[in-house]
Each structure stands twice: as structure tokens, then as C-alpha cells.
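Structure, as C-alpha cells:
Where a number appears in this text, it was derived from the coordinates with a stated rule and is not lab data. Keep in mind the model is a prediction, meaning the values are calculated, not measured. Here Cβ is always computed from backbone atoms with ideal geometry, including for glycine, and neighbour counts include all displayed protein chains.
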Amino acid sequence: MAVSETAIAKSVEILRRCGATRVVLFGSARTDPRQARDLDLACAGLSPRAFLQTVGQLLDEVEVKVDLIDLSAPTPFSRFIEETGTVIYEQRNAPPRN
């Protein structure tokens with residue numbers, strides 16, 4: 001199943017509601033959503049508990065598989081996402097990134 005703009009928008013809305021301050025789209029859905037089979041997103045601003053609850057909501061409410069990465073821990077993979085991904089949501093007046 002292709003990743004629709006609706007699936008992306010719904011995912012961002014769920015993440016925003018749950019408290020994410022930043023959402024980054026990466027992976028195949030960033031370059032060609034029609035060919036993507038899942039939605040790769042990374043987010044900042046969620047506590048560990050909120051992150052897990054958000055994953056559950058995404059699984060329940062979005063019609064495609066969503067892989068969610070937490071950007072709060074600086075890892076080589078999170079740095080790669082920050083460098084190559086596309087920011088699709090950023091809260092105004094969010095704390096500065098490290």
C-alpha cells in the first residue's frame with residue numbers, strides 16, 4: 001500500500017497532540033511516497049512513556065505501518081536522519097536542538 005498524504009498528515013497530527021515538538025520524515029516515503037510501503041518518522045519532545053503511547057496510537061489510527069524513531073538520544077542513526085530527512089512539523093517556540 002502506498003503512503004498517502006492523508007497518512008502523513010494524520011501521523012503528524014497524532015504526534016503533535018501527544019507532545020512532539022519536531023517531526024522528521026525520512027526513508028522511502030520522503031522521496032517517493034507512492035512506492036513506499038511504510039512511513040518512517042522521527043520525533044523529538046516526547047517522554048519515554050508518551051513515545052510508547054504514541055507508537056500505539058499510530059498503529060491503531062494510521063492505515064500504513066509507521067516506524068517511529070526517538071531523536072532525543074544522539075546516535076549515528078539519529079544524526080543521519082537529521083541530516084537527510086525533511087522536517088514536516090516543528091512547534092513554534094520549541095526549545096533549541098542540541
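Details
- Gyration tensor over alpha-carbon atoms, the chain, equivalent ellipsoid semi-axes in Å: 20, 16, 12
- Rel. contact order, % - alpha carbon contacts under 8 angstrom, at least six apart, the chain: 35 percent
- Under the combined filter of DSSP loop state and at most 14 neighbouring Cβ atoms within 10 Å, the stretch 31-98 retains these GluC sites (Glu not before Pro): GLU63.
- Using a Gaussian network model of the chain in which every pair of alpha carbons under 10 angstrom is joined by a spring, one finds that among ALA73, ALA20, ALA42 the greatest mean-square fluctuation is at ALA73.
- Annotation for ALA50 and LYS65: the two label points, set 7 Å from Cα along the Cα-Cβ direction, are 2.8 nm apart.
- Debye, to nearest 20: dipole size of the chain, +1 on Lys, Arg Cβ, -1 on Asp, Glu Cβ: 260 debye
- Choice from ASP40, ASP67, ASP32 showing the highest fluctuation, given a GNM over the chain with Cα pairs closer than 10 Å: ASP32
- Report summary: the helix-based calculation at 222 nm, which adds -39500 (n - 2.57) for every DSSP H run with n ≥ 4 and divides by the residues of the chain, gives -12500 deg cm²/dmol.
- Annotation: the antiparallel percentage among DSSP beta bridges lying fully within the stretch 14-90 is about 60.
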